[in-house]
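Peer 1: Submitted below is the structure of interest, expressed as structure tokens.
The values are calculated or read from the model by the stated rules, or taken from the named source; none is laboratory data. A quick note: this is a predicted structure, and the numbers were derived from the prediction, not measured. We place every Cβ from the backbone using ideal geometry, glycine too, and count neighbours over all the protein chains shown. Just the protein is used for accessible areas: all its heavy atoms, side chains included, with ligands, DNA and RNA removed. Shrake-Rupley method; radii C 1.70, N 1.55, O 1.52, S 1.80 Å.
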Amino acid sequence: MNIAEKVQEELKAEVKAAVLKAGLAQVEEIPAVVLETPKEKAHGDYSTNMAMQLARIAKKAPRAIAEEMIAHFDSSKASIDKIEIAGPGFINFYMNNAYLTDLIPVVLKEGEDYGNTNAGNNEKVQVEFVSANPTGDLHLGHARGAAVGDSLCNVLEKAGYDVTREYYINDAGNQIHNLALSVEARYFQALGQDKEMPEDGYQGQDIIGIGQKLADEFDRKFVDMSEKERYEAFREYGLKYEMAKLKKDLENFRVHFDVWYSETSLYTNGKIDEALAALRENGHIYEEDGAVWFRSTAFGDDKDRVLIKNDGTYTYLTPDLAYHKDKFERGHEKVINIWGADHHGYIPRMKAAVEALGYNPNNLEVEVIQLVHLYKNGEKMKMSKRTGKAVTMRELVEEVGLDAVRYFFAMRSGDTHMDFDLDLAVSESNENPVYYAQYAHARISSILRQGEEQGITINNEADLLLLEAEKEIELLKKVGDFPIVVAEAAEKRIPHRIANYTQELSAAFHSFYNAEKVLDASNQALSEARLSLIKAVQITLKNALKLIGVSAPEKM
RNA sequence: GUGCCUUUAGCUCAGUUGGAUAGAGCAACAGCCUCCUAAGCUGUAGGUCAGAGGUUCAAAUCCUCUAAGGCACGCCA
């Protein structure tokens with residue numbers, strides 16, 4: 001348990017003890033102790049609303065209850081300096097902040113592990129994200145999903161969950177069929193022959209590129225093949241090419257997957273049949289109009305869903321539910337899907353399927369990522385995937401820079417519609433929030449370098465109790481919050497909380513930097529203590545930025 | 001028409017167990033570099049938390065209704 005958490009736990013225990021000693025309520029009546037950090041510094045370091053919560057149980061006025069509680073407080077036990085009653089009945093605690101200096105050696109020692117907790121209890125969590133069809137370039141929406149998904153995975157890992165990152169490759173359905181036909185058309189076109197694109201073909205530049213590449217490399221080799229052979233060749237080549245590109249783009253986006261799960265494998269290894277058999281056995285399947293249906297309405301869906309079309313092929317849902325069955329069979333306790341907003345209507349049927357297959361639908365969590373609108377020169381940019389006009393993830397990164405893109409997406413909760421201001425993201429100025437945190441890191445690095453030049457370095461014997469200025473204490477508190485923030489972000493699946501935190505921590509540092517000088521040749525002891533402090537800040541900031549996939553530069 | 005998401009400062013957004021005077025960045029205004037990076041700091045101004053009811057000691061937060069914008073409602077994926 002980290003230090004800040006420990007202090008809070010002690011305090012909570014004392015609050016509870018005081019209620020009991022004052023005879024205000026029975027043990028089982030006491031609500032969970034809520035400690036919060038008041039927005040106003042004047043309201044102390046922590047406050048609790050216990051007195052107000054007890055008003056009904058103890059049948060007394062909140063302020064009177066607070067009085068009695070304070071009378072029974074053992075201040076020595078929980079590093080409390082002063083207690084006050086305020087407002088309608090808040091009890092404010094002013095802590096003895098000496099404990100905070102204990103934090104620094106811990107951070108320095110843990111280094112990149114600082115912030116790790118076992119809040120997740122090693123729970124096995126599988127996160128599926130991006131999972132874009134391998135039929136074209138990743139676009140803006142995928143970039144957001146990738147950024148949010150990756151950050152969430154990082155946060156979960158740091159908070160002690162056992163995370164598997166997974167990409168579901170839709171390599172079996174209609175879209176691959178269309179990909180093959182699109183490649184074929186582009187190939188013939190590259191050879192100067194007339195060939196129309198299929199109706200639902202992929203118009204993207206990259207497919208034109210494949211056609212050209214095949215023409216350059218193999219010339220007329222495919223023209224002479226049988227149609228079937230040619231189709232198979234293009235299908236395979238197109239898929240391989242697209243997947244390689246996808247993986248590379250994601251690597252360049254600092255996103256890594258543990259498992260690339262092939263939809264086709266569900267066909268070949270019998271998982272689809274197994275899933276269908278399981279549903280049939282449980283009586284959730286019926287036939288009508290020549291099709292096989294899943295009675296998903298029995299599990300809260302608004303209509304039943306076709307699993308096998310009357311032409312004998314599966315709908316998209318069928319392999320996907322087999323995939324989800326497999327996710328749980330592999331022992332994942334929680335399965336998290338990160339889906340684009342355009343798929344949100346799909347959630348009830350997948351939850352229904354999970355339940356029908358015998359699993360708890362609450363263990364399937366779907367995080368919906370809302371659309372991104374790109375703005376340039378104050379105008380909204382129009383885009384369409386069908387015509388291949390969408391801005392790709394690669395273009396976005398090239399234009400804006402990776403750190404800025406990751407940061408912009410990490411800043412915002414995934415479930416809000418987002419406006420992405422290209423001009424702001426591109427600007428290398430104080431208008432761009434990504435530099436705020438990076439600049440803090442670079443500044444610290446610079447001070448540490450200069451300290452070494454001046455012979456003032458971090459010293460394990462430094463007297464950290466010298467750190468008592470207001471800005472120092474605030475900065476230390478922020479550093480101490482980090483493990484709690486990570487755990488909260490993980491539990492609530494809100495990775496944007498981390499981006500938020502980097503701003504808070506940076507703000508505390510910049511403010512400290514302007515108020516106090518770190519390197520002071522005339523005060524070696526204080527300089528050493530402050531060096532330790534900023535080193536701890538640097539470590540924390542770097543760890544936080546790493547969680548959201550943003551680099552921590554030494555110089556800017 | 002039905003379901004889901006959104007609506008908070010001029011703009012982009014935090015506010016995720018209901019708490020005290022609703023916050024940050026940008027934009028605006030006024031200051032701060034003989035001093036560790038001014039991509040910074042300090043201060044000022046800026047709000048009917050879309051609207052109306054309700055729940056309670058207390059609501060931006062929970063419930064109901066209304067409005068506006070977005071997305072989805074396929075034997076497509």
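Peer 1: Here is a list: A:TYR286, A:TYR316, A:TYR323. Which entry is within 16 Å of RNA strand B (Cβ to nearest atom), touching a residue at least 60 places away in the same chain (Cβ under 8 Å) and surrounded by fewer than 17 Cβ atoms within 10 Å (Cβ to Cβ)? Show your work before the answer.
Peer 2: On the way: A:TYR286 fails: touching a residue at least 60 places away in the same chain (Cβ under 8 Å); A:TYR323 fails: surrounded by fewer than 17 Cβ atoms within 10 Å (Cβ to Cβ).
So the residue among A:TYR286, A:TYR316, A:TYR323 that is within 16 Å of RNA strand B (Cβ to nearest atom), touching a residue at least 60 places away in the same chain (Cβ under 8 Å) and surrounded by fewer than 17 Cβ atoms within 10 Å (Cβ to Cβ) is A:TYR316.
Peer 1: What are the residues in region A:405-430 that are closer than 15 Å to A:LYS376 by Cα and either among the charged types (D, E, K, R) or near RNA strand B (Cβ under 6 Å from one of its atoms) (or both), if any?
Peer 2: Listed by number, the residues that qualify are A:MET418, A:ASP419, A:ASP421, A:ASP423.
Peer 1: Okay, next question. Of (1) in a helix (DSSP H, G or I); (2) open to solvent by 60 Å² or more (accessible area, probe 1.4 Å), A:ASP419 satisfies all except one. Which?
Peer 2: Single failed check for A:ASP419: (1).
Peer 1: Within region A:453-507, restricting attention to residues that are crowded, with 21+ Cβ neighbours inside 10 Å and small (Gly, Ala, Ser), which residue is farthest from RNA strand B (Cβ to nearest atom)?
Peer 2: The residue in question is A:GLY480.
Peer 1: For region A:315-330, enumerate the residues that are outside any helix (DSSP H, G or I) and out of contact with any strand residue (DSSP E or B) (no Cβ under 6 Å at 6 or more places or on another chain). Can you show your working first?
Peer 2: Applying the first criterion (outside any helix (DSSP H, G or I)) to region A:315-330 yields A:315-316, A:330.
Across region A:315-330, the qualifying residues are A:TYR316, A:ARG330.
Peer 1: Let me ask something additional. If you scan region A:404-439, which residues turn out to be touching a residue at least 60 places away in the same chain (Cβ under 8 Å) and among the β-branched types (Val, Ile, Thr)?
Peer 2: The initial filter retains those residues of region A:404-439 that are touching a residue at least 60 places away in the same chain (Cβ under 8 Å), namely A:405-407, A:409-414, A:418, A:420, A:433-439.
A:VAL405, A:VAL434 - these are the residues of region A:404-439 that are touching a residue at least 60 places away in the same chain (Cβ under 8 Å) and among the β-branched types (Val, Ile, Thr).
Peer 1: May I pose another question? So which of A:PHE294, A:PHE222, A:PHE218 is buried (at least 18 other Cβ atoms within 10 Å of the Cβ) and either more than 20 Å from A:MET197 (Cα to Cα) or under 31 Å from the mean Cα position of the chain (by Cα) (or both)?
Peer 2: A:PHE294
Peer 1: Can you pull out the strands (runs of 3 or more DSSP E) entirely within region A:9-116 that have at least 2 residues that are open to solvent by 30 Å² or more (accessible area, probe 1.4 Å)?
Peer 2: A:80-86, A:90-95
Peer 1: Now for a separate question. Sort out which residues of region A:147-174 are outside any helix (DSSP H, G or I) and open to solvent by 10 Å² or more (accessible area, probe 1.4 Å), and write them in order of number.
Peer 2: First, pick out the residues of region A:147-174 that are outside any helix (DSSP H, G or I): A:159-173.
Of everything in region A:147-174, those that are outside any helix (DSSP H, G or I) and open to solvent by 10 Å² or more (accessible area, probe 1.4 Å) turn out to be A:GLY160, A:TYR161, A:ASP162, A:VAL163, A:THR164, A:ARG165, A:ILE169, A:ASP171, A:ALA172, A:GLY173.
Peer 1: Another question, if that's okay. Could you check region A:342-375 and list, in sequence order, the residues that are out of contact with any Phe, Trp or Tyr (no Cβ under 6 Å at 6 or more places or on another chain), more than 15 Å from RNA strand B (Cβ to nearest atom), without any contact (Cβ under 8 Å) to a residue 60 or more places away in the chain and open to solvent by 30 Å² or more (accessible area, probe 1.4 Å)?
Peer 2: Correct list: A:ASN360, A:ASN362, A:ASN363.
Residues are listed down the side, and each one gets a yes or a no for (1) aliphatic (A, V, I, L, M); (2) closer than 25 Å to A:ASN133 by Cβ; (3) not in a loop (DSSP other than H, G, I, E, B):
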| site | (1), (2), (3) |
| --- | --- |
| A:LYS221 | no, no, no |
| A:ARG235 | no, yes, yes |
| A:GLY238 | no, yes, yes |
| A:ALA244 | yes, yes, yes |
| A:HIS256 | no, yes, no |
| A:TYR267 | no, yes, yes |
| A:ALA277 | yes, no, yes |
| A:ARG280 | no, no, yes |
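Peer 1: For region A:178-202, how many residues meet the condition of being open to solvent by 20 Å² or more (accessible area, probe 1.4 Å), closer than 22 Å to A:LYS221 by Cβ and not charged (D, E, K, R)?
Peer 2: Number of matching residues: 8.
A quick yes/no check of all residues on (1) closer than 30 Å to A:ILE308 by Cβ; (2) modelled with pLDDT of 95 or more:
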position: A:ASP206; (1), (2): no, no
position: A:ILE210; (1), (2): no, no
position: A:GLU232; (1), (2): yes, no
position: A:TYR261; (1), (2): yes, yes
position: A:GLY270; (1), (2): yes, yes
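Peer 1: Take the residues of region A:135-181 that are of a type in the set (Ser, Thr, Tyr) and closer than 29 Å to A:LEU374 by Cα: which is nearest to RNA strand B (Cβ to nearest atom)? Full working, then the answer.
Peer 2: Residues of region A:135-181 of a type in the set (Ser, Thr, Tyr): A:135, A:151, A:161, A:164, A:167-168.
Cutting the leftovers down to closer than 29 Å to A:LEU374 by Cα gives us A:135, A:151, A:167-168.
Working: A:THR135: 8, A:SER151: 13, A:TYR167: 14, A:TYR168: 11 Å.
So the residue we want is A:THR135.
Peer 1: Find all pairs meeting these conditions: Cβ atoms under 7 angstrom apart; at least six residues apart or on different chains; first residue within region A:440-452 and farther than 16 Å from A:THR540 by Cα; second residue more than 8 Å from RNA strand B (Cβ to nearest atom) and open to solvent by 20 Å² or more (accessible area, probe 1.4 Å).
Peer 2: Sorted first by the residue in region A:440-452, then by its partner, the pairs are A:GLY451/A:THR457.
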